[in-house]
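Every read-out reported here was derived from the displayed coordinates using simple, explicitly stated rules and does not represent laboratory data. Predicted, not measured: the structure shown is a model, and the values here were computed from it. Note that we place each Cβ from the backbone using ideal geometry, even for glycine, and neighbour counts take in every protein chain shown.
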Amino acid sequence: MDRRLPAEIDDKIAEIVARYKSEGVQGFHDLRTRRSGSQRFVDLHLEVDRNKRFEEAHDLTVKVLRTIEAEIPRTRAHIHTDPTG
């Protein structure tokens, strides 16, 4: 059965997202986590400075996604980018 991941994972995700503040990430919302077997899944909406070009926002989103997957073992992340600010 699917289960939400522990609160420590939410905290880790918040810490990872905060690292990219200087690059234009302004936060995140709608975080959903779950476990299915040994695999972990993370879905969130990443808030990126609306003045970023499309390519910049995309590259920044990919950096956050890859960092989450690298630092939280057996995790598959899906991120929707929202312009903000």
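Beta bridges assigned by DSSP with both partners in segment 7-84 are antiparallel in approximately 45 percent of cases. Simple spin-label model, 7 Å along Cα-to-Cβ: Gln39 to Asp11 in nm? Here the answer is 2.8 nm between the modelled labels. Given their separation in residues at 0.36 nm each and the Cα-Cα distance between them, His29 and Glu55 gain 7.2 nm when the chain is fully extended. With K and R counted +1 and D and E -1, the other residues having a Cβ less than 11 Å from that of Leu44 yield a net charge of -4.
Amide H contacts under 5 Å for Gln26: Glu47, Val48, Asp49, restricted to partners 5 or more places along the chain or on a different chain, H placed in the peptide plane at 1.01 Å from N.
If you take the alpha carbon atoms of segment 7-84 and fit the smallest convex hull around them, that volume is 75 Å³ per residue. Amide H contacts of Thr75 (H built 1.01 Å from N, in plane; Pro and chain starts excluded): Arg40 sit under 5 Å, all sequence-distant by 5 or more or on other chains.
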